[in-house]
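What follows is a set of notes on a single structure, which appears directly below.
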Amino acid sequence: MKIVVTVPTYNEIENIERLVTEILSQDDRIEVIVADDDSPDGTWKAVGAMAENDPRVHLLHRTTDRGRGAAGRDAYAMALDLGADLAFEMDADFSHHPRYLPAMIQALEEHDVVLGSRQVPGGKDVGRTATRRLLTVLSNLYARIVLGLPVGDCNSGFRGFRRETLEAIDVRRAFSPGPAIVHELLFKASQKHARITEIPIEFVDRELGTSTLSFKTLVRSYVTVFRLRWLGLTGNLFGKPS
Ligand SMILES: Nc1nc2c(ncn2[C@@H]2O[C@H](COP(=O)(O)OP(=O)(O)OP(=O)(O)O)[C@@H](O)[C@H]2O)c(=O)[nH]1
Ligand SMILES: [Mg+2]
């Protein structure tokens with residue numbers, strides 16, 4: 001069985017080498033794809049050097065169409081091309097700790113999608129300001145209600161899919177350029193009746209590196225959530241067959 005863990009990165013030089021090493025140490029079957037958008041801090045160079053010495057490390061160096069969503073989509077496409085049976089994604093800043101991967105891998109024996117979740121018993125949001133936590137809770141509630149998602153933490157960018165589910169939702173045609181890709185993939189999977197489960201994680205605030213989250217990105221994500229609902233209602237969520 002091949003397991004691929006994808007990590008979108010933008011300026012994560014302070015985290016990436018340690019993160020990739022920790023991910024690989026969780027399970028011998030894991031390979032890692034880092035999808036970097038030509039980070040000015042040279043994250044892609046560090047990953048390129050790791051990839052030269054370790055066949056389990058892959059660099060997806062993107063130089064056009066920058067964005068968290070587009071990078072995530074291309075990373076899943078590459079995971080499928082590599083023959084992944086299970087494909088995961090996680091942030092590079094250690095908010096998502098690799099130690100949860102074994103339990104998430106196990107969860108995919110009985111489910112199609114697994115989320116690392118702050119919103120189930122045992123899950124936590126550590127080190128964030130009260131304002132930031134409130135923002136998370138509200139945006140989560142918003143996405144849950146608008147999209148009717150049967151999960152607690154639909155904002156979670158720490159998740160895994162079975163190959164068949166990524167194929168069923170045609171992940172190569174995901175259209176959200178930014179972070180709303182997490183809602184897009186989850187909504188599409190639920191529309192395809194995927195069995196979704198959540199395992200509790202302690203989500204720890206970024207210690208090193210800089211956030212890419214801006215007010216503009218946030219507002220765009222809210223608009224995308226609404227658009228997703230509209231596309232779902234009008235039967236256009238999956239587009240026309242290509
Ligand atoms: N390839 C790529 N990755 C990105 C881009 N923007 C963000 N990322 C990565 O996506 C992940 C999540 O971004 P973060 O900046 O941590 O966003 P956040 O967790 O909402 O914000 P913080 O709380 O400040 O950490 C990280 O691994 C980033 O490096 C982008 O434009 N392209
Ligand atoms: Mg983060």
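Just so you know, all these numbers are worked out from the coordinates, no wet-lab data involved. Since the structure is predicted, the reported quantities are computational estimates derived from the model, not experimental observations. Because the Cβ atoms are built from the backbone with ideal geometry, glycine has one as well, and the counts that use them run over all protein chains shown.
Numbers at a glance
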quantity	calculated
Shape of segment 3-233, Cα gyration tensor, a/c cut at 1.5	rounded
Two-site label geometry, Arg18 and His61: point separation in nm, points 7 Å out along Cα→Cβ	2.5
Low-density loop cleavage sites - GluC sites (Glu not before Pro) in segment 30-131, where at most 11 other Cβ are within 10 Å (DSSP)	Glu109, Glu110
Glu198, Glu167 arranged by Cβ crowding within 10 Å, fewest neighbours leading	Glu167, Glu198
Check: the chain dipole with +1 on Lys, Arg Cβ and -1 on Asp, Glu Cβ, in debye	1140
Mean Cβ count within 10 Å, highest first, over the residues of peptides 91-101, 175-185	175-185, 91-101
Gyration tensor verdict on segment 150-242 (Cα atoms; rounded if a/c is under 1.5, prolate if a/b is larger than b/c, oblate otherwise)	oblate
Whether segment 1-84 is rounded, prolate or oblate, judged on the alpha carbon gyration tensor where a/c under 1.5 counts as rounded	oblate
Over the chain: helical MRE at 222 nm, DSSP H runs n ≥ 4 each giving -39500 (n - 2.57), nearest 500	-12000 deg cm²/dmol
Leading residue at positive end of dipole, segment 50-108 (Cβ point charges), from Leu59, Tyr100, Ala84	Tyr100
